[in-house]
Amino acid sequence: MMLEHEIPQGTKLYFGNTAKIKREIEAVASDVLYKADYEELITPLFSYHQHLSIADEKELIRVNDTQNHQLTLRADSTIDVVRLLDKRLGRNTSHQKWFYIQPIYMYPSKELYQIGAEYIGEKDLSKTLQSAIDIVKALKIKPLLQLSNIRIPELISQELGIDLDLFKHINIQKLLDRKVDWLKAIIYLEKLEDIDSVIEVVPDIIKLELERIKVLAQDIEYDNFVIAPLYYAKMLYYDELYFRMIEKNDVFARGGRYVNDEVTSVGFALYTDKIIEKLEGSK
Amino acid sequence: MLTVALPKGRIAEDTLEIFASIFGEEFKFDDRKLILETPNFKFLLVRNQDVATYVYHQAADIGVVGLDTLEEQGLDVIRLLDLNKGVCKVSIGMRKGEKLDLNKPELKVATKMVNITKRYFAERAVAVDIIKLYGSIELAPLVGLADMIVDVVETGATMKQNGLEVVADIMTSSTYLIANKNSYFEKKSEVLDIFEKISKVVEND
């Protein structure tokens, strides 16, 4: 029996101050993004195509249309934003910078409010990362920015025949057991000032990927960051430079570079619910 | 400052001994106290099954817990170091003389470790009816509650005394030093420093 006050687990209820904070975060973000020449896009809640791209189909909430075709509720905005710009809006606009402010929904009843930006056809992640930084600066929060490159663990895995799971679980002991000096240097790398000495000792194929992190770190205006070259997580689409903004146990933002139909783009998503919690706590 | 979650009992004592040998001072919880604060560490005394939960939610930055518990809970934490202590196996036990027959249409298995059991039999495409128990698992096959049990085995003495024997091993477990994923990136030098110091002690053991 459901009691009258119950709401499904994972759903969100904001009222009074938290609803006001949510509105303020979205206003600040849209202001920053409009100034950076982004335009807003609002995509349908229902989609025919999410199941083609989502990593774990079990996360999708399914319904059916009038012809009994399968529909799902939006569980990822980037997939639909990129597809709609390419396949449906291609003739209407050539604009490349888009942002969205809309929730995603996952099985069984999880709701997540997000603010995202996609810069279609752009290869330089610093372009969108700086907009994410400008938003957190405008919100007067300073999460730790983690700069990673998904290619590095993949290349090390190929070079040394190491299972990618060791990177996923950050199994330091087993990585150090390989007794490879340059691998140890990468494990301990954290600060930008140390990156050149590590670039010197790593194999050539990894040099290039570390250089990419270095250039990204130099191109952004933010001082609270760490370099985490071995971070690895199974990504839905990010395949090279990648970042997270973290504070305590929360992730405020994620973003990176991705390729769709041979077009390279960069983008990010801010997790509004976590930022609301943070701003609510600091008031 | 790092917060360290330790499971009550032998593992906490062993771990505090390792810290004592590293830092040359005694680390001891006052009677019945659950928090021990020192200038560089805050130790929390928690139930074994709760260690990974404290670390996952960052109530502790690092912790010490058995691999069997980690596998059972499946929480996304960093496995920093195998401490090579508390070595045991997660095994299948049956009544003495009985053989494990995976061709039966359905097996009844009693266990505390539902997820490990589910995974083991699912990988072998065997249908199982898992009965979750909280203790005295060895009793289940004796009274016809289950065909077999999945349980932690150290010496095998408890099984033997109850007329059971190990018919298959599922995994070997030992205690691991674990860390919270965000703590690792936020406090990397501190985490790697304690990792190195504990590794040296473990290597010399």
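Modelled spin-label separation between A:GLN9 and A:HIS49, with each label point placed 7 Å from Cα along the Cα-to-Cβ direction: 3.4 nm. Among the GluC sites (Glu not before Pro) in region B:100-147, those located in a DSSP loop and surrounded by at most 16 other Cβ atoms within 10 Å of their own Cβ are B:GLU106.
What FRET efficiency, computed as 1/(1 + (r/R0)^6) with R0 = 51 Å and r the Cβ-Cβ distance, is obtained for A:ASP124 and B:LYS8, rounded to the nearest 0.05?
Values: r = 52 Å, r/R0 = 1.03.
Computed FRET efficiency for A:ASP124 and B:LYS8: 0.45.
Suppose we look only past 15 Å in the calculated P(r) of region A:167-245. What percent of the Cα-Cα pairs does that tail hold?
Numbers: 1821 of 3081 pairs.
Cα-Cα pairs in region A:167-245 separated by more than 15 Å: 59 percent.
Shown here is the pair-distance distribution of region A:141-283: with all Cα-Cα distances grouped in 5 Å bins from zero up to the longest one, the shares run 2, 9, 18, 21, 19, 15, 9, 4, 2, 0, 0 percent. Of B:GLY144, B:GLY86, B:GLY163, the residue with the greatest mean-square motion in the GNM of chain B, using alpha carbon springs below 10 Å, is B:GLY144.
For the pair B:GLN58 and A:LEU192, label points projected 7 Å from Cα toward Cβ lie 2.3 nm apart.
Note down the net charge around B:LEU102, summing +1 for each Lys or Arg and -1 for each Asp or Glu among other residues with Cβ under 12 Å from its Cβ. Walk me through the intermediate numbers first.
Numbers: positive: B:LYS99, B:LYS104, B:ARG124; negative: B:ASP101, B:GLU106, B:GLU123, B:ASP147.
Net of charged neighbours comes to -1.
Largest GNM mean-square fluctuation across A:VAL82, A:VAL226, A:VAL263, computed for chain A with C-alpha springs under 10 Å, falls on A:VAL263.
Sorted from longest to shortest, the spans of the Cα atoms of region A:140-183 along the three principal axes equal 44, 20, 19 Å.
So what does the Cα-only Debye profile of region A:90-191 read at q = 0.15, 0.18, 0.24, 0.25 Å⁻¹, as log10 I(q)/I(0), no solvent term? Taking Cα atoms of region A:90-191 as identical point scatterers yields -0.94, -1.04, -1.21, -1.26. Counting Lys and Arg as +1 and Asp and Glu as -1 over every other residue whose Cβ lies under 11 Å from the Cβ of A:LYS207, the net charge comes to -3. Solvent-accessible area of the protein assembly as shown (1.4 angstrom probe, protein heavy atoms only): carbon and sulfur portion equals 48 percent. Residues of region B:66-81 buried by at least 40 Å² of accessible area upon assembly of all protein chains, compared with the chain on its own (1.4 Å probe): B:ARG79.
Label-to-label distance for A:ASN249 and B:LYS99 is 4.9 nm, based on points extended 7 Å past Cα in the beta-carbon direction. Listed by chain and number, the aspartates and glutamates placed with their C-alpha closer than 13 angstrom to that of A:LYS127 are A:ASP37, A:GLU118, A:ASP219, A:GLU221; residues fewer than eight positions away on the same chain are left out.
Shape summary of region B:137-178, radius of gyration then Dmax from alpha carbon positions: 12.1, 39 Å. With the alpha-carbon atoms of the protein assembly as shown aligned to their principal axes, the span from lowest to highest coordinate is 78, 63, 49 Å, starting with the largest. The radius of gyration of the Cα set in chain A, together with its Dmax, comes out at 20.2, 65 angstrom.
If you take the beta carbon distance between A:LYS35 and A:MET235 as r and set R0 to 41 Å, what does 1/(1 + (r/R0)^6) give as a FRET efficiency, to the nearest 0.05?
Numbers: r = 29 Å, r/R0 = 0.71.
With R0 = 41 Å, the Cβ-Cβ based efficiency is 0.90.
Where the alpha-carbon atoms of chain B are placed on the principal axes, they occupy 58, 32, 32 Å, in descending order.
Against the compact-protein benchmark of 2.2 N^0.38 Å, the Cα-based radius of gyration of region B:106-205 scales to 1.49. Taking region B:1-64, which GluC sites (Glu not before Pro) meet the DSSP loop condition and have no more than 11 other C-beta atoms within 10 Å? Filter output for region B:1-64: B:GLU25, B:GLU26.
Over the Cα atoms of region A:1-125, Rg to Rh with Kirkwood Rh, two decimal places? Present the calculation step by step, with values, prior to reporting the outcome.
On the way: Rg = 16.7 Å, Rh = 16.5 Å.
Rg divided by Rh gives 1.01.
If R0 is taken as 51 Å, the Cβ-Cβ distance between B:ALA125 and B:GLU37 corresponds to a FRET efficiency of 0.50. Scaled to the globular estimate 2.2 N^0.38 Å, the Cα spread of region B:15-111, given as radius of gyration, is 1.50. Remark on region A:248-274: accessible area falls by at least 10 square angstrom from chain-alone to full-complex state for A:LYS248, A:ASN249, probe 1.4 angstrom.
Inverting the mean 1/r over all pairs of different Cα atoms, compute the Kirkwood radius of region B:1-66 and quote it in Å. Please list the in-between numbers first.
Numbers: mean 1/r = 0.0853 Å⁻¹.
One decimal place: 11.7 Å for the Kirkwood radius.
Just in region A:130-171: which trypsin sites (Lys or Arg not before Pro) are loop by DSSP and have at most 11 other Cβ atoms within 10 Å?
Details: sites: A:LYS137, A:LYS140, A:ARG151, A:LYS168; in loops: A:LYS140.
Sparse-neighbourhood loop trypsin sites (Lys or Arg not before Pro): A:LYS140.
For the residue pairs B:LYS85/B:LYS160; A:LYS168/B:LYS104; A:LYS137/A:LYS168; A:LYS87/A:LYS110; A:LYS58/A:LYS234; A:LYS274/B:LYS188, the C-alpha atoms sit more than 27 angstrom apart in A:LYS168/B:LYS104; A:LYS137/A:LYS168; A:LYS87/A:LYS110. In this assembly, the B-A interface accounts for approximately 1900 Å² of buried accessible surface in total, computed with a 1.4 Å probe and without ligands, DNA or RNA.
The values are calculated or read from the model by the stated rules, or taken from the named source; none is laboratory data. Every value quoted in this text rests on a predicted model; they were computed, and no experiment measured them. No Cβ is skipped: glycine too gets one built from the backbone with ideal geometry, and neighbour counts run over all protein chains shown. For accessibility, only protein heavy atoms count, side chains too; no ligands or nucleic acids. Shrake-Rupley method; radii C 1.70, N 1.55, O 1.52, S 1.80 Å.
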